[in-house]
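Everything below concerns the one structure shown next.
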Amino acid sequence: MTANDLQLRAQLQRSDFTLDVDMTLPGHGITALFGPSGSGKTTCLRVLAGLERAARGQVRVGDATWQDSARGVFVPTHQRALGYVFQEASLFDHQTVEGNLRFGFDRTPATLRRHDWRHGLELLGIGHLLQRWPHQLSGGERQRVAIARALATSPQLLLMDEPLAALDAARKAEILPWLEQLHEALDVPVVYVTHSLDEVARLADHVVLLDQGRVQAEGPLADMLTRADLPLAQGDGAVSVLMGRCSGFSPSDLMAVYDIDGGHLLLPQSRQGVPRQGKGARLSIQARDVSLSLQQPVQTSVLNVLPARVTDVQEAVPGQVLVGLRLGPDGEGARLLSRISRLSCNRLGIAPGLAVYAQIKGVAMVR
Ligand code: ADP
Ligand code: MG
């Protein structure tokens, strides 16, 4: 546990539901709480926020203890330095955007203020909306204002409960880049509840899987996405995320080279978006876009073919298998998932330890 880590140890009994969790979360970056409806995600946020007085256990943020039932400590919600953003942005309808932001700032004790009410304006791109009334905002804009209002309180912890769930696909696409950017700029941890795999892949650094009130698994994003025994990998959208670093750009081919652990990937790049050398990027690869070959393929249009080793093979949907790989000739690089038919798997004799070539048909830069 380092200085800013967040500890949540909680037991809570409801009539037909028991929460029993023990987690230590990193004190920076975004932790996704992921799990089916009713698994206890919102309840975890409520405990962190001090809305569940009956919960037994401990809540600690850095060196501050917000709750410790054994010692009778319970810091009330309004004294916990946290921002809470809900699915439906709860703005004050009788105040302008500026009024809403100032409210967040004004209610923060002067000693806890670390920046002024304008802090979130640029981060969320809402400077031009200050004089608008809430009913004059789109769903995506409302959510950005709600986040900025939470930031105006100088929180030590930001809680977000399915902030995109009420938005249609277009509004989601509009707001995600702001959340990604926020992530780089924020120095406080974010606990982000979602049941969208896409949001997890794009935003999270750390993932906690909840199931029926318990922690099923937790760990760094790249590991959690590619564990074939976990539900994240079992759906249709199974995806691997690799952390890359730009090491070159060819202006004639309009291709950028990204170094990853265990190889390189080529990515088409527009002339406008030429990445600078050394720039970090989060690259996502759908499991269904990765096919396997026992020999190095020749004369293929697939640009990205990487040597890898099979680590595990799991039944996915009927007739299909998920193959876990580690990149590099020795299989010591990044994890990657491939989804192929069981027939191909049998024909090629795919089994743990086998050296293969992963042909990657599509790579997307998600951040
Ligand atoms: P999630 O956010 O993962 O969908 P919740 O944390 O909201 O799940 O709920 C977990 C369980 O607790 C569910 O079974 C839900 O029905 C139950 N629950 C939530 N709020 C209450 C409440 N106020 N009283 C009784 N049961 C509740
Ligand atoms: Mg919920």
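Taken together, the values in this text are just the output of simple stated rules run on the coordinates, not laboratory data. What you see is a predicted model, and the numbers here were worked out from it, not measured in a lab. Counting neighbours? That spans all protein chains shown, and the Cβs are built from the backbone with ideal geometry, glycine included.
Computing FRET efficiency as 1/(1 + (r/R0)^6) for A185 and A355, where r is the C-beta to C-beta distance and R0 is 35 Å, gives about 0.25.
Its DSSP H runs of at least 4 residues, each contributing -39,500 (n - 2.57), put the calculated 222 nm mean residue ellipticity of the chain at -6000 deg cm²/dmol, to the nearest 500.
The phi-based Karplus calculation (6.51 cos²θ - 1.76 cosθ + 1.60; θ = phi - 60°) puts the 3J(HN,Hα) values of segment 10-26 at 8, 10, 8, 10, 10, 3, 10, 7, 10, 9, 8, 10, 8, 9, 10, 10, x Hz, whole numbers, x for Gly and Pro.
Taking θ as phi - 60° and the Karplus parameters 6.51, -1.76 and 1.60, the scalar couplings of segment 73-88 work out to 8, 8, 7, x, 3, 5, 9, 8, 7, 9, x, 10, 10, 9, 4, 9 Hz in sequence order, x denoting glycine and proline.
Once the Cα gyration tensor of the chain is found, what semi-axes does its equivalent ellipsoid get, as square roots of 5 times the eigenvalues, in whole Å, sorted largest first? Mind dumping the intermediate values first?
Numbers: eigenvalues 315, 136, 59 Å².
Taking √(5λ) for each eigenvalue gives 40, 26, 17 Å, largest first.
Label-to-label distance for S301 and T24 is 5.2 nm, based on points extended 7 Å past Cα in the beta-carbon direction. Between the beta carbons of D16 and A165, assuming R0 = 25 Å, the FRET efficiency works out to 0.60 to the nearest 0.05.
State the extension gain, in nm to one decimal, for the chain segment bounded by E88 and S344, taking 0.36 nm per residue of separation less the distance between their alpha-carbons.
Values: separation 256, 0.36 × 256 = 92.16 nm, distance 4.62 nm.
Full extension of this stretch gives 87.5 nm more.
Extension gain for R113-A364 works out to 86.5 nm (0.36 nm per residue, less the C-alpha to C-alpha distance). Taking Cα centre as origin and charging only the Cβ of basic (Lys, Arg, +1) and acidic (Asp, Glu, -1) residues, the dipole magnitude of the chain rounds to 260 debye.
For a modelled paramagnetic label at D253, 7 Å from Cα along Cα-to-Cβ, the residues of segment 288-314 in reach, with backbone nitrogen under 17 Å, are 297-307. Volume per residue for segment 159-264 equals 160 cubic angstrom (convex hull of Cα atoms).
Considering only DSSP beta bridges where both residues belong to the chain, give the percentage that are antiparallel (nearest 5).
Values: 71 of 89 bridges.
If I count the DSSP bridges inside the chain, around 80 percent turn out antiparallel.
Couplings for segment 319-329, taken from phi via the Karplus curve 6.51 cos²θ - 1.76 cosθ + 1.60 with θ = phi - 60°, read x, 10, 10, 9, 10, x, 10, 10, 6, x, x Hz in order; Gly and Pro are left as x. The value of relative contact order for segment 12-117, using C-alpha pairs under 8 Å at least six residues apart, is 14 percent.
Taking the longest Cα principal axis of the chain as reference, the axis of helix 169-185 is set at about 80 degrees.
Comparing segment 203-282 with the 2.2 N^0.38 Å rule of thumb, its C-alpha radius of gyration ratio is 1.41 (two decimals).
Along the charge dipole of the chain, Cβ charges K/R +1 and D/E -1, which of P36, Y84, L343 sits furthest on the positive end? Selected residue: Y84. Remark: L294, L221, L51, L137 ranked as L294, L51, L137, L221, counting other beta-carbon atoms within 10 Å and listing the fewest first. Residues of segment 328-367 falling in the label zone of L294, defined by backbone nitrogen less than 17 Å from a point 7 Å along Cα to beta-carbon, are 341-359. For segment 1-58, the Cα gyration tensor yields ellipsoid semi-axes of 21, 14, 9 Å (square root of five times each eigenvalue, largest first, whole Å).
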